Amino acid sequence: MRHALKYFGLVAALYALPALGAEAINPEATTGRGALIGGVTKSYMVAAATSYAADAGASIIKAGGNAVDAAVAVELVLSMTEPQSSGVGGGGFMLLWDRNARQMKMYDGREKAPAAAGEKRFLKPDGAVMGRIEAIVGGKSVGVPGVMRMLELAHSKHGKLPWARLFEPAIKIAEEGFPIGERLSALLARDQYLPLWEPTKSFFYTADGKAKAPGTLLKNPEFAVVLRRMAAEGTKALYTGAIAADVVHTVTTASRNASDMTVADMAAYEAKEREPICGKYRDKKVCTISPPSSGGISVLQTLGMLERFDLASMGPESVTAYNAIAEAGRLALADRAMYVADPDFFPVPVQDLIAAHYIAQRSTLIDPKARMKTAPAGELTVKKAMTLFAAESPEIPATTHFSIVDKQGNAVAMTATIESGFGSKLMSNGFMLNNELTDFSYDDVAQGRTVANRVQGSKRPRSAMSPTLIFDKDGKLEIVIGSPGGPAIPAYVAKTIVALVDWKLTPAEAVGTANIVTSGDTLNLEEGTFLEKQAPAFKALGHSVRVDQSGSGLHAIRIMPGGTLMGGADPRREGAVKGE
Ligand code: DON
């Protein structure tokens with residue numbers, strides 16, 4: 001540990017903690033930020049958005065499991081303990097470092113549109129696009145869930161412990177319950193739709209209609225049945241038969257936006273193995289996920305555009321550094337809107353978008369001392385077929401990221417989601433159903449051109465999720481990271497990588513650095529950070545600014561040169577870092 005502190009040149013009181021992962025300090029749901037959350041371990045580590053999930057993952061590794069085994073247990077527990085964010089009714093992406101094979105694997109468990117879904121899904125009869133909430137709530141936004149098929153695929157290739165063993169922590173919580181946290185209770189109190197219908201009304205609210213209070217024991221016997229069946233039969237118990245039929249019944253008979261999903265859509269879902277993508281930042285190799293997520297491309301572009309700036313000497317409270325980061329993020333978002341969609345439907349020019357010469361040319365548009373008047377997409381040959389569509393970022397924080405390093409040095413970076421807070425607001429069999437299909441462009445045509453990310457039958461909606469693994473100059477795994485945040489995900493992840501690599505902060509400090517994100521023409525500065533005080537300086541650079549809370553949920557692990565693991569959980573959530 002002394003070595004770790006020396007390496008960073010920091011005296012972080014936070015790390016004057018026992019080698020076992022530190023307990024989380026829950027953030028205040030109303031303030032958005034709490035104290036830094038970190039931990040140091042020697043052998044293995046799990047950083048996740050709830051302490052129950054981090055504990056579950058750590059217990060699986062302690063019992064002899066590897067990082068993939070732990071990921072299954074973590075996601076199942078998150079499904080219950082962070083039901084607003086991810087779960088069995090949603091999707092996700094996994095990036096895996098298999099240390100022995102020295103191989104990186106990407107697994108795609110992104111939801112798919114029903115086969116019958118058409119391009120006008122989110123248009124009203126008069127051709128106008130539906131409002132965001134109008135489209136989200138109800139059946140039509142629900143994609144065929146993918147996360148469990150993905151975990152099963154990854155486990156079949158890499159798992160060590162028996163599949164059924166990985167369900168034990170979740171089954172225990174489902175049957176015995178867990179005390180609702182401050183954050184979940186606060187989000188329930190704010191939700192306008194869950195109290196309107198069953199089963200969410202009885203499940204999350206008291207008889208007099210109040211959100212269940214923090215500390216209330218929440219059991220989920222219906223979900224326990226799903227878990228026991230999946231443990232015994234595999235994911236076919238979820239994707240076929242009675243449970244699948246209930247999911248389909250729930251979405252097709254929803255009182256709002258009845259869906260066209262069928263049991264055949266459920267049965268046909270397949271997770272995919274895809275090629276990860278890599279680039280460089282300073283002396284590191286940065287590897288992340290490819291489409292249907294745009295996030296990896298954006299992270300590599302953002303870091304690549306920043307490389308020519310001396311961010312290290314500017315430091316973590318520099319308006320110039322933060323302006324450069326925000327402007328690089330703006331350019332990356334423009335390319336995302338133009339060029340990224342499901343690669344099974346559209347020839348995403350991935351290699352062109354991450355080519356070093358292209359990124360260097362894009363970087364010349366950035367003036368760290370001013371705001372670009374416009375941040376257009378780059379000119380690539382496939383452009384003639386498409387046009388832009390800018391998606392709005394969700395209001396309520398959802399989605400989750402967890403990072404795992406096991407005893408053998410394998411690592412998982414996994415981001416999972418049901419899209420916006422509590423997804424479509426529909427529940428089946430004790431789990432929430434996603435609203436991932438609103439990650440498609442609502443418009444199929446804009447300015448007379450086809451939109452790459454339009455709705456099509458059996459297509460995966462574009463994502464921004466960005467699970468990322470970073471290797472040092474000798475090829476050794478060094479950083480495992482990712483975040484929720486919708487279109488802001490790559491901005492959160494890239495800035496935190498800058499904080500780790502350039503500013504040499506510990507993971508706990510790095511995930512706590514101020515967030516800056518562009519949304520349309522507005523620059524969002526995180527409330528309660530140095531950025532708030534610097535709002536006039538950003539205005540002077542030409543930005544239209546908004547000071548607001550930030551919805552990241554960064555969970556990062558750094559492997560120190562001597563092998564010590566340092567972890568950080570986002571102080572904006574209730575996460576934890578666990579391990580030994
Ligand atoms: O796949 C995506 O990019 C989005 N559905 C993620 C949504 C999200 O992160 C919401 N969180 N704050």
Problem set entry | Residue list for segment 473-505, restricted to those being touching a Phe, Trp or Tyr at 6+ places or on another chain (Cβ under 6 Å), farther than 20 Å from MET104 by Cα and more than 16 Å from the ligand (Cβ to nearest atom) | LYS504
For this session: Select from segment 460-472 the residues that are away from the ligand (no atom under 16 Å from the Cβ) and either surrounded by 24 or more Cβ atoms within 10 Å (Cβ to Cβ) or of a type in the set (A, V, I, L, M) (or both) and list them in ascending order.
Result: LEU469, ILE470
Problem set entry | Residue among LEU161, LEU151 that alone is within 20 Å of the chain's Cα centre (by Cα), away from the ligand (no atom under 16 Å from the Cβ) and closer than 23 Å to LYS62 by Cβ | LEU151
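For segment 78-105, which residues satisfy the criterion of being aliphatic (A, V, I, L, M), within 16 Å of the chain's Cα centre (by Cα) and more than 15 Å from the ligand (Cβ to nearest atom)? Write out each step before concluding.
Initial filter on segment 78-105 (aliphatic (A, V, I, L, M)): 78, 80, 88, 94-96, 101, 104.
After this cut, where a residue has to be within 16 Å of the chain's Cα centre (by Cα) as well, the list is 78, 88, 94-96.
Answer for segment 78-105, where residues must be aliphatic (A, V, I, L, M), within 16 Å of the chain's Cα centre (by Cα) and more than 15 Å from the ligand (Cβ to nearest atom): VAL88, LEU96.
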Problem set entry | Filtered residues of segment 187-214 (kept if in a helix (DSSP H, G or I) and hydrophobic (A, V, I, L, M, F, W, C)) | LEU187, LEU188, ALA189, LEU194, LEU196, PHE203, PHE204
Problem set entry | Scan of segment 262-283 for residues that are more than 16 Å from the ligand (Cβ to nearest atom), among the charged types (D, E, K, R) and closer than 27 Å to ALA377 by Cβ, ordered by number | GLU275, LYS280, ARG282
For this session: May I ask you to verify whether ALA268 is in contact (Cβ under 8 Å) with a residue 60 or more places away in the chain and more than 26 Å from the chain's Cα centre (by Cα)?
Result: no
Problem set entry | Hey, VAL263 touching a residue at least 12 places away in the same chain (Cβ under 8 Å) and closer than 30 Å to PRO162 by Cα or not | yes
Exercise. Of the residues LYS533, LYS495, which is over 23 Å from the mean Cα position of the chain (by Cα) and among the charged types (D, E, K, R)?
Worked result: LYS533
Exercise. Is it the case that THR288 is touching a residue at least 40 places away in the same chain (Cβ under 8 Å), within 30 Å of GLU478 (Cα to Cα), crowded, with 21+ Cβ neighbours inside 10 Å and not aliphatic (A, V, I, L, M)?
Worked result: yes
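Hey, does segment 115-128 have a residue that's within 16 Å of the ligand (Cβ to nearest atom) and over 28 Å from CYS278 (Cβ atoms)?
Pass one, segment 115-128, residues within 16 Å of the ligand (Cβ to nearest atom): 122.
Next, only the ones that are over 28 Å from CYS278 (Cβ atoms) stay: 122.
Yes; the residues of segment 115-128 include at least one that is within 16 Å of the ligand (Cβ to nearest atom) and over 28 Å from CYS278 (Cβ atoms).
This table checks each residue for (1) at pLDDT below 95; (2) over 21 Å from the mean Cα position of the chain (by Cα); (3) of a type in the set (A, V, I, L, M).
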| residue | (1), (2), (3) |
| --- | --- |
| GLY520 | yes, no, no |
| GLU526 | no, no, no |
| PHE538 | no, yes, no |
| SER544 | no, yes, no |
| SER550 | yes, no, no |
| GLY553 | no, no, no |
| MET560 | no, yes, yes |
| LEU565 | no, yes, yes |
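Taking the condition more than 23 Å from ARG371 (Cα to Cα), of a type in the set (A, V, I, L, M, F, W, C), in contact (Cβ under 8 Å) with a residue 24 or more places away in the chain and touching a Ser or Thr at 6+ places or on another chain (Cβ under 6 Å), does ALA508 pass? Full working, then the answer.
Values: more than 23 Å from ARG371 (Cα to Cα): yes; of a type in the set (A, V, I, L, M, F, W, C): yes; in contact (Cβ under 8 Å) with a residue 24 or more places away in the chain: yes; touching a Ser or Thr at 6+ places or on another chain (Cβ under 6 Å): no.
In short, no.
Taking segment 215-261 only, how many residues are of a type in the set (S, T, N, Q) and either surrounded by 17 or more Cβ atoms within 10 Å (Cβ to Cβ) or assigned to a helix (DSSP H, G or I) (or both)?
We begin by selecting, within segment 215-261, every residue of a type in the set (S, T, N, Q); these are 216, 220, 235, 240, 250, 252-253, 255, 257, 259.
Still in the running and either surrounded by 17 or more Cβ atoms within 10 Å (Cβ to Cβ) or assigned to a helix (DSSP H, G or I) (or both): 220, 235, 250, 252, 257, 259.
The qualifying residues number 6.
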Seminar exercise, completed: Scanning segment 299-336 for residues that are in contact with a strand residue (DSSP E or B) (Cβ under 9 Å, 6 or more places away or on another chain), in a helix (DSSP H, G or I) and either within 15 Å of the ligand (Cβ to nearest atom) or among the charged types (D, E, K, R) (or both) gives VAL299, GLU327, GLY329, ARG330, LEU333
Seminar exercise, completed: (1) surrounded by 24 or more Cβ atoms within 10 Å (Cβ to Cβ); (2) away from the ligand (no atom under 16 Å from the Cβ); (3) over 16 Å from the mean Cα position of the chain (by Cα); (4) not hydroxyl-bearing (Ser, Thr, Tyr) all hold for ILE136 apart from (2)
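The values are calculated or read from the model by the stated rules, or taken from the named source; none is laboratory data. Values in this document were obtained by computation on a predicted structure and should not be read as measured data. Heads up, the Cβs are rebuilt from the backbone with ideal geometry, glycines too, and the neighbour counts pull from every protein chain shown.
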